[in-house]
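Let me begin by presenting the structure, written as structure tokens, before commenting on it.
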Amino acid sequence: MSNEDTLRAVYAAFARGDMDGVLAPCSGDIVFHVPGRNRQSGDYQGRDGFMKLIGLVMEISGGTFREELLDALANDRHGVALAHHTLERNGKKYDYHTVHVWRIENGKFTEFFEHPGDTIAFDEAWS
């Protein structure tokens, strides 16, 4: 399976709620970097860090968070996913586009960086 196929499988697993499937191609010490000045901003390492991040995402959104993969590409060193996120919080709907950049080493996903297209909307959605 190519890294692009693996990347697409990660997003399909997330959409199904299969967090083990999301983490399967990742190194044990993967780091997830979330930018901004909001409740989920920060760095999250490994499985425990990822589960903490997802817990925050679901807590803040009341379980309404959805991610649509728009496109993905990858080579031996990097993967890039274009995504659309939606959520509801306190009776208000939020949506924004974002780019996820993944670092790949020896066939394992080792680092994740979120790059929202509108950082103000991103912080507003997650504050």
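The values are calculated or read from the model by the stated rules, or taken from the named source; none is laboratory data. Please read all numbers here as calculations on a predicted model, not as lab measurements. Cβ sites come from the backbone with ideal geometry, for glycine too, and all protein chains shown count toward neighbours. Each accessible area value is taken on the protein alone, full model and side chains, heavy atoms only, with ligands, DNA and RNA left out. Shrake-Rupley method; radii C 1.70, N 1.55, O 1.52, S 1.80 Å.
Direction-averaged projected area, Cα convex hull, the chain: 6.8 nm², rounded to one decimal.
Rounded to the nearest 10 degrees, the inclination of helix 3-16 to the longest alpha-carbon principal axis of the chain is 40 degrees.
Run the dipole for the chain about the Cα centre, Lys and Arg Cβ at +1, Asp and Glu Cβ at -1, nothing else charged, and hand back the magnitude in debye, nearest 20.
That gives a dipole near 260 debye.
Excluding ligands, DNA and RNA, what is the solvent-accessible area per residue of the chain at a probe of 1.4 Å, expressed in Å²? The answer is 53 Å² per residue. Between the helical axis of 46-61 and the longest alpha-carbon principal axis of the chain there is an angle of about 30 degrees. In the chain, the calculated helix contribution to ellipticity at 222 nm averages -10000 deg cm²/dmol per residue, counting -39,500 (n - 2.57) for every DSSP H run with n ≥ 4. Rg/Rh, computed from the Cα trace of region 1-43 with Rh as the Kirkwood radius, has the value 1.05.
Using every alpha carbon pair in region 65-127, what percent of pairs falls into each 5 Å bin from 0 up to the bin containing the largest distance? Going out from 0 Å in 5 Å bins, region 65-127 shows 4, 17, 24, 20, 15, 10, 6, 2, 1 percent.
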